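Some notes on the structure that comes next.
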Amino acid sequence: MHASFFRLDDRPIIEEALRYLPGGVIATMGHNVPIPPNSILTRGEGAYLYNAEGDKFLDVILGSASLILGHCPPAVVEAVRSQMDQGTTFAAPSAPAIELAGMLVEACPCADKVRFTNAGTESVLLALRLVRVHTGREKILKFEGAYHGFADELLFHTNYGSPADWPDSGPPVADTPGIPKAMADLVVVAPYNHIDRTREIIEAHHSELAAIFVEPVMRGIASTPGFLEAVAELAAQYHIPLVFDEVITGFRLAYGGAQEYYGITPDLAVYGKGLGAGYCIGAVGGSEEIMSHLDPASPDGQRIYALGSFHGNPLSAAAAVANLRVLQEPGTCERLNDYGNRLRDGLAGLFEKYGLTAQMSGAGSLVEFFFMDEPVTDYRSSRRSNQRIKDLLGGQLPRHGVYGGGGRFTSSIYHGEDELTLMLDAVDASLRTLQEAGDLS
Ligand code: PMP
């Protein structure tokens, strides 16, 4: 049994972290919860992470859902090693980037052309500029609870914000200080999975809307059947580009992402972490018409400024090509989703065993649940779940060899029978401890 992610000898390194990094951490969210710098992990391999003492943890976070192939997949390591000797960045098209572009166009239903970035947030920024020049409009519709990266433009009413702070009408509220007030006038927020309200909002704003951004699975909340189709129909009716944020769903739900999984083709899609198997890369893919604004030969006024020193670098591209070669093998995404569905079923059984009423959520290998009676279809309903029990569960899991919080469990191709058993045993043992301590009531 593991007491925590780090050993006592790690204390000097934690003190160093506190000395040199604000709060000792590498990420800051909107909630006012200090995150102790306690995840000093030294190695990852396949489905597992190790601390300096050699304790092994099943990883169910996987680089915030980046590592569809798990840690250090041999094919990716090999591709990166051989590219490293050939040069890592040229700031010019390279053979791996061109090969990757071809694979993306083949994989992603909406993509006639692609442009590379370094990460999901950058892909979103590029997509925003593309849709604004394409439509000549400026406002963006996003959904309440959706996260599209940390840029000023869309950090409004995300899953890091609190609905108690949000007005029922008028401009939305930014989820962090530091966002210029004027930004709020460029964002319109609609409730996820509420098509009637979404229609009203689109009808009221369509002449100003440059795009509708949607996460096909919003954090852990799945889109209800028909919702994405109805949004796509409204977008088409009012000639508003529909942008799928496939930063997490891309190449995971299906090789062709949520577009293939749900059978809906947006105008544009943004990609990030799932593409790079742990290396920094993002991409925007879209219709010829929209992507033509990135062609240097496009007319003045229609051509947008968009470049990055590392965009299309051959190192990240080589990693992504190797990643996609594995993911495109028939049955890979189906196996990932099958694991997720079995985990969801197993968790549901355990929650029942401990008398916890839970709503199972997510889609395929993105597994989420909420402790509550009513179905969870949007961010506000998810906030009514019993977060205390989820947090307690998240606190127990590391003691039973699982690296992850109390929800949104992801998996990699290395998560198989042994890992499913380990995970369910860990949840069982965690809930038993909490029950014995009287914490489940
Ligand atoms: N969109 C979605 C749906 C995401 O989950 C994330 C990252 N959590 C982003 C965008 C931003 O990606 P990145 O962290 O690579 O900038």
* Asked: Based on the mean of other beta carbon atoms within 10 Å per residue, what is the order of 66-76, 310-320, most packed first?
  -> 310-320, 66-76
* Structure fact -> Taking GLU208, GLU153, GLU53 and counting other beta carbon atoms within 10 angstrom, the fewest-first order is GLU53, GLU208, GLU153
* Set of aspartates and glutamates with alpha-carbon distance to LYS56 below 19 Å, sequence-local pairs under 8 removed -> ASP9, ASP10, GLU45, GLU417, ASP418, GLU419, ASP425, ASP428
* For the chain, what is the calculated [θ] at 222 nm in deg cm²/dmol (nearest 500), taking -39500 (n - 2.57) for each run of four or more DSSP H residues and dividing by its residue count? -> -11000 deg cm²/dmol
* What relative contact order, as a whole-number percentage, does the chain give when Cα pairs under 8 Å and 6 or more residues apart are counted? -> 22 percent
* Gained length - ALA164 relative to MET84, 0.36 nm times residue gap less alpha-carbon distance -> 23.8 nm
* Dmax and Rg, reported as Rg then Dmax, of the chain (C-alpha, Å) -> 21.8, 70
* Asked: Which shape class, rounded, prolate or oblate, goes with region 123-237 when its Cα gyration tensor gives a ≥ b ≥ c as root eigenvalues, a/c under 1.5 marks rounded, and past that a/b bigger than b/c marks prolate?
  -> rounded
* Going by C-beta contacts inside 10 Å, put LEU275, LEU268, LEU350, LEU41 in order with the fewest on the left. => LEU41, LEU350, LEU268, LEU275
* How would you rank 321-327, 342-348, highest first, on the average number of other Cβ atoms within 10 Å across their residues? -> 321-327, 342-348
* What is the packing order of peptides 396-403, 221-228, taking the mean over residues of other C-beta atoms within 10 Å and listing the highest first? -> 396-403, 221-228
* To do: Amide H neighbours of ARG43 under 5 Å, at least 5 residues apart or on other chains, H built in the peptide plane: list them.
  => TYR50
* Per residue, what volume in Å³ does the Cα convex hull of region 194-249 take up? -> 78 Å³
* To do: Can you tell me the FRET efficiency between GLU436 and ALA348 if r is taken as the Cβ-Cβ distance and R0 is 22 Å, rounded to the nearest 0.05?
  => 0.50
* Label-point separation in nm, SER298 to THR357, each point 7 Å along Cα→Cβ -> 5.2 nm
* ASP425-GLU208 pseudo-label distance in nm [points 7 Å out on the Cα-to-Cβ vector] -> 5.8 nm
* Structure fact -> Per-residue Cβ contact counts at 10 Å, fewest first, order LYS273, LYS181, LYS142, LYS113 as LYS181, LYS113, LYS273, LYS142
* Tell me which residues come under 5 Å, amide H to amide H, from ALA277 once H is placed; ignore anything under 5 positions away on its chain. => ILE68
* In whole Hz, what ³J(HN,Hα) sequence does region 233-242 give by Karplus (6.51, -1.76, 1.60; θ = phi - 60°), x for Gly and Pro? -> 5, 5, 4, 5, 4, 9, 6, 9, x, 9
* Under unit Cβ charges (Lys, Arg +1; Asp, Glu -1), what dipole magnitude, rounded to 20 debye, does region 74-327 have relative to its Cα centre? -> 480 debye
* Can you tell me the Rg and Dmax of region 74-327, counting just the alpha carbons, in angstroms? -> 18.0, 56
* Structure fact -> Taking N as the number of residues in region 339-441, the ratio of its alpha carbon radius of gyration to 2.2 N^0.38 Å works out to 1.00
* Go ahead and collect, in residue order, the members of region 360-388 whose backbone nitrogen is under 19 Å from a label point 7 Å along the Cα-Cβ direction of ASP196. => 375-381
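Coordinate-derived values only; no laboratory data. Keep in mind the model is a prediction, meaning the values are calculated, not measured. As a convention, Cβ positions derive from the backbone with ideal geometry for all residues, glycine included, and neighbour counts pool all protein chains shown.
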